[in-house]
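The values are calculated or read from the model by the stated rules, or taken from the named source; none is laboratory data. Just so it is clear, the model here is predicted, and its values are computed rather than measured. Backbone-built Cβ (ideal geometry, glycine too); neighbour counts: all protein chains shown. These area figures cover heavy atoms from the full protein model, side chains too; ligands, DNA and RNA do not enter into them. Shrake-Rupley method; radii C 1.70, N 1.55, O 1.52, S 1.80 Å.
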Amino acid sequence: MAKRTNLRNVAIIAHVDHGKTTLVDEMLKQSGIFRDNEQVQDRVMDSNDLERERGITILSKNTSIHYKDTKINIVDTPGHADFGGEVERILTMVDGVLLLVDAFEGCMPQTRFVLKKALNLKKKVLVVVNKIDRPGARPAEVIDEVLDLFIELGADDDQIEFPVVYASARDGYSSLDPDVREGDMRPLLDSILEHIEAPDGEIDAPLQILFSSLDYDDYIGRIGVGRVERGHIKRGESVVLCKQDGTQENVRISRLYQFEGLRRVEVENAEMGDIVCVSGILDLNIGETACDPNCIEPLPFVKIDEPTISMNFIVNNSPFAGREGKFVTSRNIRDRLFKEVETNVSMRVEETDSTDTFKVSGRGELHLSILIETMRRQGYEFQVSRPEVIYKTINGQLCEPMELLIVEVPEAYVGAVIEKLGSRKGELENMGSRDGGATHLEFKIPSRGLIGYRSEFMTDTNGNGIMNQLFAGYEPFKGDIQTRERGSVVVHETGTSTGYGLFNTQDRGRLFIGPGVDVYEGMIVGECSRNEDIVCNVCKKKQMTNTRAAGSDDALRLVPPTTLSLEQSMEFIKDDELLEVTPESLRLRKRILSKEQRMKQMFKKK
């Protein structure tokens, strides 16, 4: 056994918005990766458009820096619970983790999730208390919370003795003293070298590489990203790929890369402990092992938690089908979905009895909505059904997924939140006060009870509330839940909406469209104020007669329509409704467009 003392492999894990990507930015800048006059955007690791628009990390990414003759490979991971699969598989590539905790917010749901995974894999944890310059920061209390969390998760004696570094990633300094407010990142980098173990393994043994991630290049093709667990690898070497289904395939490493800063740099060879990228393996998948042909020993891959939410992706059959999309057929949609599951290890795709429908399962609504948004930007056109939770039968009893929901709201809105969550089978488990008049609430609630709740929560708290959730296992079925209490405003005929038609409709509820919008029969254009669907003629035009009454030509005053986002649209639809997704539009519609057919269907059910 040998140690690579000039190498460290570390992942940065934390709850969403605790500063992981900003910290990586500063480490890259202060290590000399960029030129002095180079223009560098903020959150440089959030490289795709969706990540920059939403301000969250969706995909884990690799980079590296050099410090004191040591190469530090850094993996930036997502912070949102829905992308936990990205965190789980990445931990197999590293020897230690930086656990970032906000100096004000403290331990949050995703902090618990990522720390549990790291402790189970026996990774060394270096705690970084970030944002110590934030008003209301309470670093001493946060350290106590982290210690309690370590104990609660069953950490051993070595893991509980965790080192701590205090930092402000935004201002670019770190320190071992919580009162310091200046400096640079050297104390953090020194702590990484001191506390994160160097890769340990057999350098002269037969080759083993475990692939934990996939990338793609338009010129090179599929690229596998993994860690050399033992031995050496050379460019052009022939290896045996051990597939997940138990089969083996002889392949050749055509090109070999390592990460230097933000770039992939081609190299001739690599050895135990290095994180490498290889090309030349056409059908490589995550979790597979490349071995020396003379010693074929596949490595076990980390178990990924199962999905909890599913949706049906359906070929678009609305009257406007094919107008805006480039890829519209079932074959196009099928190929795209099965391509997604090759790299998205926590997502599942199943074919149904219908050739036009595919069941897609993921970790949560955000996990699925990111896929939907990505596909529509790529030119796909399709429909999706309402999200549904995935039930399991455990010991002969029907069980459903549960969520740990953590809510922080001003005291004035606590009653409304508790009342709403109580009607959705939520059980209040903990309650406390925070600095600044906020109240901290913890609920155990069925996952289906949260579908459609976020928009209600923002309304009930006037936008002042914060809610975070974390999967908390399966429990016996909690009973029926009444979610959306209001019906839909449904279009009567195909045409173009008019101001006159909308003016006569707006008193019936909240509208989602304005005048001049093309609509079709069965399309949903608003939310009814009562618990029933109503059919309205939003295309109605004013008759141009030569008879006028006093005041009849007054200007029509329309209430500005509510524009629903993708997530809000997914939450809004009922079981008998669909969301039509195209590159240019999001349209809500009834499954059965004809009013007469809907009435017949309703009477059949009765």
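Dividing the Cα radius of gyration of the stretch 249-318 by 2.2 N^0.38 Å, with N the residue count, gives 1.64. Note on the chain: antiparallel DSSP beta bridges, both residues inside, total approximately 80 percent of the bridges counted.
Taking a ≥ b ≥ c as the square roots of the eigenvalues of the Cα gyration tensor, the stretch 142-214 is oblate, since a/c reaches 1.5 or more and a/b is not larger than b/c. The stretch 323-367 and the stretch 174-200 have Cα centres separated by 44 Å.
Note down the net charge around residue 298, summing +1 for each Lys or Arg and -1 for each Asp or Glu among other residues with Cβ under 15 Å from its Cβ. My count for the surroundings of residue 298 gives -3. In the stretch 302-424, taking the dipole from charged Cβ atoms about the Cα centre, the farthest positive-side position among 307, 322, 418 is held by 322. Which of the aspartates and glutamates could be linked to residue 444 by a straight reach, that is with a Cα gap under 13 Å, when you skip same-chain ones fewer than 8 residues away? The reachable aspartates and glutamates, counting only those whose Cα sits under 13 Å from residue 444, are 400, 403, 427, 429, 475.
Computed over neighbours whose Cβ is under 12 Å from that of residue 119, the net charge equals +3, Lys and Arg +1, Asp and Glu -1. Using a Cα-Cα cut-off of under 21 Å, which lysines could be cross-linked to residue 326, ignoring same-chain neighbours fewer than 8 residues away? Output for residue 326: 339. Rounded to the nearest 20 debye, the dipole size of the chain about its Cα centre is 2600 debye, using +1 on the Cβ of Lys and Arg and -1 on the Cβ of Asp and Glu.
For residue 71, the residues whose modelled amide H falls within less than 5 Å of its own, excluding neighbours fewer than 5 places apart on the same chain, are 7, 8.
Charge tally for residue 172 (other residues, Cβ to Cβ under 10 Å; Lys, Arg +1; Asp, Glu -1): -3.
Taking θ as phi - 60° and the Karplus parameters 6.51, -1.76 and 1.60, the scalar couplings of the stretch 556-566 work out to 7, 9, 9, 6, x, x, 8, 8, 8, 6, 4 Hz in sequence order, x denoting glycine and proline. Per atom type, the chain shows carbon and sulfur on 45% of its accessible surface, probed at 1.4 Å. A dipole drawn for the chain from +1 and -1 charges on Cβ atoms has a positive end, and of 380, 11, 506 the residue lying farthest that way is 506. Per-residue Karplus couplings for the stretch 521-526, computed as 6.51 cos²θ - 1.76 cosθ + 1.60 with θ equal to phi - 60°, are listed in order as 4, x, 6, 9, 10, x Hz, Gly and Pro entered as x.
Under 5 Å from the amide H of residue 517 lie the amide H atoms of 497, each residue being 5 or more positions distant or on a separate chain, with H modelled from the backbone and absent for Pro and chain starts. Computed over all pairs of different Cα atoms, the Kirkwood value for the hydrodynamic radius of the stretch 361-478 is 15.8 Å. Using a probe of 1.4 angstrom and keeping all protein chains present, the accessible surface of the chain works out to 46 square angstrom per residue. Ignoring lysines fewer than eight residues from residue 68 along the same chain, the ones with Cα atoms less than 25 angstrom from its Cα are 3, 20, 29, 123, 124. Normalised by the number of residues in the chain, the mean separation of alpha-carbon contacts (under 8 Å, six or more apart) gives a relative contact order of 10 percent.
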